[in-house]
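The values are calculated or read from the model by the stated rules, or taken from the named source; none is laboratory data. As the structure is a computational prediction, the values presented were derived from the model and not from experiment. Here the Cβ is made from the backbone with ideal geometry for all residues, glycine too, and neighbour counts use every protein chain on show.
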Amino acid sequence: MSIPPQANQSRKALVLFSGGQDSTACLAWALDRYAEVETIGFDYGQRHRIELDCRQVVRRELAAAFHSWGAKLGDDHLLDLSLLGQISDTALTADRAIEMQANGLPNTFVPGRNLLFLSFAATLAYRRGASVLVGGMCETDYSGYPDCRDNTLKALQVALSLGLDQPMTIETPLMFITKAETWALTEQLGGAALNDLIVEHTHTCYLGERKQRHAWGWGCGTCPACELRARGYVEYKGQA
């Protein structure tokens with residue numbers, strides 16, 4: 001799915017941007033590579049919808065701290081996908097305990113979410129003149145979601161390109177790296193300033209908790225998303 005660096009200079013990218021650590025890492029990665037970058041977010045009735053409030057803060061702080069990136073940061077788009085929440089019965093869209101299901105997947109899995117996100121993103125990208133979609137999907141440090149797997153995304157890239165009758169590249173810079181390596185990637189891209197920004201302003205916690213501040217950021221500290229982020233931070237600091 002990778003594009004040669006020299007081909008990026010005139011291309012426009014659309015980043016799936018939730019306001020979390022991974023999507024912020026992807027936004028920084030895209031801003032470092034592409035001529036223009038826009039962002040897209042989705043309101044699907046998520047339990048942790050406080051992330052939607054964080055999105056604009058992160059965009060603003062990135063533009064202020066990294067002027068060269070700010071010059072390339074274009075419009076933001078927020079789509080109403082509340083129907084997805086209405087037809088879902090998951091721990092991300094309802095107030096219920098997070099647990100494993102009989103099929104081996106956690107009940108935080110929202111079926112079809114990334115498939116819909118990328119399809120809507122491609123539709124917008126087509127209209128906005130963007131030929132690259134960037135997402136934070138990862139099959140190294142993840143919860144087993146089938147729509148985060150590389151094969152799923154490769155198949156979807158083909159389908160979208162055929163359906164739009166023009167190439168639509170899906171880039172997943174975090175696909176094969178751990179959460180510790182994600183922290184290292186953002187340090188490489190923007191130094192300590194970028195990681196400090198991620199700690200202070202992004203949101204990952206599944207429960208939408210922003211009352212407790214930890215070394216790795218805000219969150220309940222016990223949900224799977226917080227545990228993964230915290231463990232990665234500890235591993236990253238141990239290697240630094």
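Quick notes
- Unique match (being surrounded by 20 or more Cβ atoms within 10 Å (Cβ to Cβ) and either in a helix (DSSP H, G or I) or at pLDDT below 95 (or both)) among 198, 170: 198
- Annotation note: of 221, 238, the sole residue that is small (Gly, Ala, Ser) and on the phi > 0 side of the Ramachandran plot is 221.
- Once region 173-190 is narrowed to residues that are outside any helix (DSSP H, G or I) and touching a residue at least 40 places away in the same chain (Cβ under 8 Å), the residue that is surrounded by the most Cβ atoms within 10 Å (Cβ to Cβ) is 174.
- Residue in region 137-154 that is of a type in the set (Lys, Arg), at pLDDT 95 or above and out of contact with any Gly (no Cβ under 9 Å at 6 or more places or on another chain) present: yes
- Sole residue being out of contact with any Leu (no Cβ under 8 Å at 6 or more places or on another chain), surrounded by 17 or more Cβ atoms within 10 Å (Cβ to Cβ) and of a type in the set (Lys, Arg), chosen from 231, 210: 210
- Some residue of region 192-212 being touching a residue at least 60 places away in the same chain (Cβ under 8 Å), among the aromatic types (Phe, Trp, Tyr) and under 19 Å from residue 18 (Cβ atoms): yes
- When residue 84 is tested against (1) in a helix (DSSP H, G or I); (2) at pLDDT 95 or above; (3) aliphatic (A, V, I, L, M), just one condition goes unmet, and that condition is (2).
- Count - residues of region 157-167 that are in a helix (DSSP H, G or I), surrounded by fewer than 18 Cβ atoms within 10 Å (Cβ to Cβ) and not hydrophobic (A, V, I, L, M, F, W, C): 2
- Listed by position, the helices (runs of 4 or more DSSP H) contained in region 8-74 that have at least 3 residues being closer than 14 Å to residue 171 by Cβ, touching a Pro at 6+ places or on another chain (Cβ under 9 Å) and in contact (Cβ under 8 Å) with a residue 60 or more places away in the chain are 21-31.
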